1. Among the residues of the range 190-240, which ones are of a type in the set (Phe, Trp, Tyr) and within 14 Å of Lys65 (Cα to Cα)?
2. Which of the residues that make up the range 198-216 are surrounded by 14 or more Cβ atoms within 10 Å (Cβ to Cβ), of a type outside the set (Phe, Trp, Tyr), on the phi < 0 side of the Ramachandran plot and in a strand (DSSP E or B)?
3. Working carefully through the options Ser126, Ser179, find the one that is polar (S, T, N, Q) and closer than 27 Å to Phe57 by Cβ.
4. Answer with yes or no whether Ser245 is closer than 17 Å to Ser143 by Cβ and either at pLDDT 95 or above or not aromatic (Phe, Trp, Tyr) (or both).
5. Tell me whether the range 33-50 contains one or more residues that are modelled with pLDDT under 90, farther than 26 Å from Asn114 by Cβ and surrounded by fewer than 16 Cβ atoms within 10 Å (Cβ to Cβ).
6. Considering only residues of the range 217-231 that are under 13 Å from Glu247 (Cα atoms) and assigned to a strand (DSSP E or B), which is modelled with the lowest pLDDT?
Amino acid sequence: MTRRLIIFLCPFLFVFLFSACKSLDTFFPGVVKREMNERELIKAIEDNALDYQHLFFRRAFVEFKQNGKSQAVRANIYIRKDSAIIVSVIPVMGIEMYRLQLSKNEIIVLDRLNRKVMRSDYKSLSQRFLFDFNFLQFQQILSNGVFVFPEGRGSLRSFKMQRDSMSYLLTSGTNQDGSHQYLRFMPDAYRLLSSEVQFPDRDIVMELAYSDFLKVDGGFLFPSLIFMEGQRLQDSITLSIQLSSIEVDGSQSLNFSIPSGYDEVHF
């Protein structure tokens, strides 16, 4: 696998990475409730989570930047909940260059140009980026869902609540691996606004932010912009995903099959 291909695929592998919305309304947040306690906040977050089986993002604009250099592509993204995430990368002329599938156990990339199928797992990805990745994290990031870091830590019920004039904040304290997690939520709708994981001893910070919330699928709020940034010492990687068409449990989907005659490599 060439260095150029690794750089090209990073947007879809790094982080930590609606019927067509022709008339969408930008959402403005409500009012923070001073009387709400931690238990009530966590219940509100759980009760207002997106209930879906399939998500489809058509022609999302994906931009990747690393240490001042940037690259942008269009991509169709399909999520089959708790099963697979399939991404079709379409950079020019509507011709698919790559198709990726993230399942619970592995990552598979089809390189259409070079007729290769590339495989990896989350352990290898985690070792490469010094940050623990898994399928659930990618699924939750793309669906504006909440994940607790690190895996196996427990639930939000162990977090402590704070609030400011615009949002609620849940903080984890120091985890066993030395990390800290900070989660910020929108009032009234209780949608996730941001998640930050810090490793102070390793100078690693992973940030995730959602903005430009729109009403879709009968009034449910969903962000049209997902922004992720990873920093380690002086190195920085950012990924932004701009969504223009969001379909919840609709008819659009992507499939994934490996053509015959492709060379197989591991990365």
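1. Phe227
2. If the condition is that a residue be surrounded by 14 or more Cβ atoms within 10 Å (Cβ to Cβ), of a type outside the set (Phe, Trp, Tyr), on the phi < 0 side of the Ramachandran plot and in a strand (DSSP E or B), then Gln198, Ile204, Val205, Met206, Glu207, Leu208, Ala209, Leu214, Lys215, Val216 are the ones that fit.
3. Among Ser126, Ser179, only Ser126 is polar (S, T, N, Q) and closer than 27 Å to Phe57 by Cβ.
4. For Ser245, the condition - closer than 17 Å to Ser143 by Cβ and either at pLDDT 95 or above or not aromatic (Phe, Trp, Tyr) (or both) - is met.
5. no
6. Top of the filtered list is Phe220.
For every residue, the table says whether it meets (1) in a loop (DSSP other than H, G, I, E, B); (2) among the polar types (S, T, N, Q); (3) buried (at least 19 other Cβ atoms within 10 Å of the Cβ).
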| position | (1), (2), (3) |
| --- | --- |
| Phe56 | no, no, yes |
| Glu63 | no, no, no |
| Ile77 | no, no, yes |
| Asn105 | yes, yes, no |
| Val109 | no, no, yes |
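Each row is one residue, and each column tells you yes or no for (1) part of a loop (DSSP other than H, G, I, E, B); (2) of a type in the set (Val, Ile, Thr).
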{"site": "Phe133", "(1), (2)": "yes, no"}
{"site": "Leu136", "(1), (2)": "no, no"}
{"site": "Gln139", "(1), (2)": "no, no"}
{"site": "Asn144", "(1), (2)": "yes, no"}
{"site": "Val148", "(1), (2)": "yes, yes"}
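The values are calculated or read from the model by the stated rules, or taken from the named source; none is laboratory data. These numbers come from a predicted model, not from an experiment. Note that each Cβ is placed from the backbone with ideal geometry, even for glycine, and that neighbours are counted across all protein chains shown.
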